[in-house]
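These notes are about the structure you will find just below.
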């Protein structure tokens, strides 16, 4: 399915917030419980914070906040046609301790779009659109997020570490990295 990937704007904030909520509930309700998921989303994806994040990356080569939409006239596997409504988003910033690393802080897709290429389109656009100063991209995903773990591993990310998560006691997260292509390759 064809995806249109573009830079997020302030007009996308509510859609991004709802994509985060839908994705978190689908991935983490069984692990964290629905109430905790709502609390995390309301905290981590507060409207004002999302507005700031989108504004902060505007015009920067070393960071991006992207949204993916279905191409006009396409529908999901469930038969839903949503026009140009955002179906997923990704947010990448420089890794604070290593200027050669881009940190994929967020990548979420509406659950009814899972396995339809939305996440892949976002990753590909990030990798080709970020500053050439980056040689790799890094991310962390909770070990309990089987969909996320499977997605990143199927896209060639290598697990470099498993560590305790700051989200809740007893939870762990995998850290993944992947080399970015250079013009010389």
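The values are calculated or read from the model by the stated rules, or taken from the named source; none is laboratory data. In this text, all values refer to a predicted model and were calculated from it rather than measured experimentally. Cβ: placed from backbone, ideal geometry, glycine included. Neighbour counts: every protein chain shown.
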Item to check | Subset of segment 136-153 [touching a helix residue (DSSP H, G or I) at 6+ places or on another chain (Cβ under 9 Å) and surrounded by fewer than 19 Cβ atoms within 10 Å (Cβ to Cβ)] | outcome: 143, 144, 146, 147
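Filter segment 83-102 for residues that are in contact with a helix residue (DSSP H, G or I) (Cβ under 9 Å, 6 or more places away or on another chain) and either in a strand (DSSP E or B) or surrounded by fewer than 13 Cβ atoms within 10 Å (Cβ to Cβ) (or both) and give the result.
86, 87, 88, 89, 90, 91, 92, 93, 102
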Checklist entry - Out of segment 4-24, which residues are over 15 Å from the mean Cα position of the chain (by Cα) and either within 15 Å of residue 114 (Cβ to Cβ) or outside any helix (DSSP H, G or I) (or both)? => result 4, 9
Item to check | Those residues of segment 129-172 which are in contact (Cβ under 8 Å) with a residue 40 or more places away in the chain and closer than 17 Å to residue 101 by Cβ, in sequence order | outcome: 129, 130, 131, 132, 133, 134, 135, 136, 137, 138
Next on the checklist: Restricting to segment 47-73, name every residue that is touching a strand residue (DSSP E or B) at 6+ places or on another chain (Cβ under 7 Å) and either crowded, with 17+ Cβ neighbours inside 10 Å or at pLDDT 90 or above (or both).
Outcome noted: 53, 54, 57, 62, 63, 64, 65, 66, 67, 68, 69, 70
